[in-house]
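Here is the structure we will look at, set down as structure tokens.
The values are calculated or read from the model by the stated rules, or taken from the named source; none is laboratory data. Quick caveat: nothing in here was measured; it's all calculated off a predicted structure. Cβ atoms come from the backbone with ideal geometry, glycine included; neighbour counts cover every protein chain shown. Accessible surface areas use protein heavy atoms only, side chains included; no ligands, DNA or RNA. Shrake-Rupley method; radii C 1.70, N 1.55, O 1.52, S 1.80 Å.
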Amino acid sequence: MIIVIGSINLDLIATVHRLPKPGETVPGDTFVTAPGGKGANQALAARRAGARTRIVGAVGNDPFAGEALELLKAAGVDLSAVHQAESATGTAHILVDREGENTIAVVPGANADVLPGHVAQAALAAGNHVLLQLEVPIETVAASMEAARKAEAISILNTAPYRPEAAGLLTAADYVVANETEFDLYADALDLGGEGRRARMEAFAAKTGRTVIVTLGGEGAWAATPDSFVTCPSMKITPVDTVGAGDTFCGYLAAGLSEGLDLEAALRRATVAGALACLKPGAQPAIPLRKDVDAALA
């Protein structure tokens, strides 16, 4: 089973001719809302990949809450550990340009009320895969990793969004997933040796005994374990919207590992899923179904 401990948002998405510079106003084309939040996105991706999935998180007592949970509920994600907070449901304010690139501002809202005491609601058991991100308090992420270790569950830490105070958590996760920018920043913070990204990934794996995975956008993904280095190219696509691609990757990766796939096979499936997620607008609405990922792999 996949246990996601993380954020639940409603995404407020506007498409624009181009992304504005500071202080600039640019014309827009469309506006839509869609369920989002890195935790919720990853939970939905794991569920659409075929894994039993539970999410631990919080929403507010407001009209956004029901909409934020709508697709998770429809997919059959276990929402029994989602509680109602005093603050508003979290929101992400997203601008997407005509090339599919985006800028995002996140207002945590109820996600700030996902506290270490809520981790017990995850009901962790040996063999579970615990998927974590950094849109809830750092203390909660640390408590989740400690609970996973005690339960003999497997922890997967997605290092987004970058938070310098989280650098120490990377060495405690069984799997670390970072994009290339995040990894380079954390590598500096952890004083990893070596020339170039691959060397620094290998240094991290050798130093910690953990596996680090770096997503490279259209170039695919790399992974370093204490014993090997794996490269996985991406599908060649013309992206419509890259929002949620990394979360799709993480959810499918967790599902693949929980099925018992080896790292290379899990990476291949996750990379294809992440690419397919770029072919539709929005985060959760764009997450592909397992059958579509399998067809693309074939």
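From the list Arg52, Arg47, the lone residue that is of a type in the set (Lys, Arg) and farther than 23 Å from Ala160 by Cα is Arg52.
Filtered by the rule that a residue be farther than 17 Å from Ile2 by Cβ and either acidic (Asp, Glu) or open to solvent by 10 Å² or more (accessible area, probe 1.4 Å) (or both), segment 136-148 gives Pro137, Ile138, Glu139, Ala142, Ala143, Glu146. So is Ala245 of a type outside the set (Lys, Arg) and under 16 Å from Gln42 (Cα atoms) or not? Yes, satisfied.
When the residues of segment 48-78 are filtered to those that are in a helix (DSSP H, G or I) and closer than 15 Å to Gly90 by Cα, which remaining residue is modelled with the lowest pLDDT? It comes out as Pro63. Within segment 141-162, the set of residues being of a type outside the set (Gly, Ala, Ser), at pLDDT 95 or above and out of contact with any His (no Cβ under 7 Å at 6 or more places or on another chain) comprises Val141, Met145, Glu146, Arg149, Lys150, Glu152, Leu157, Asn158, Thr159. Restricting Thr181, Thr231 to those that are over 29 Å from Ala105 (Cα atoms) and of a type outside the set (Gly, Ala, Ser) reduces the list to Thr231. Does Ala65 meet the test of being in contact with a Ser or Thr (Cβ under 7 Å, 6 or more places away or on another chain), in contact (Cβ under 8 Å) with a residue 12 or more places away in the chain and closer than 30 Å to Glu152 by Cβ? No; evaluated as a whole, the condition is false for this residue.
Exactly one residue among His118, His93 is in a strand (DSSP E or B) and over 16 Å from the mean Cα position of the chain (by Cα), and that residue is His93.
A single entry from Ala45, Ala81, Ala105 fulfils the requirement of being outside any loop (DSSP other than H, G, I, E, B), of a type in the set (Gly, Ala, Ser) and closer than 27 Å to Asp294 by Cβ: Ala45. Annotation: Asn179 fulfils all but one of (1) surrounded by fewer than 16 Cβ atoms within 10 Å (Cβ to Cβ); (2) in contact (Cβ under 8 Å) with a residue 60 or more places away in the chain; (3) of a type outside the set (Ser, Thr, Tyr); the unmet one is (1). Among residues of segment 237-284 being more than 17 Å from Ala160 (Cβ to Cβ) and among the β-branched types (Val, Ile, Thr), the one that is surrounded by the fewest Cβ atoms within 10 Å (Cβ to Cβ) is Thr238.
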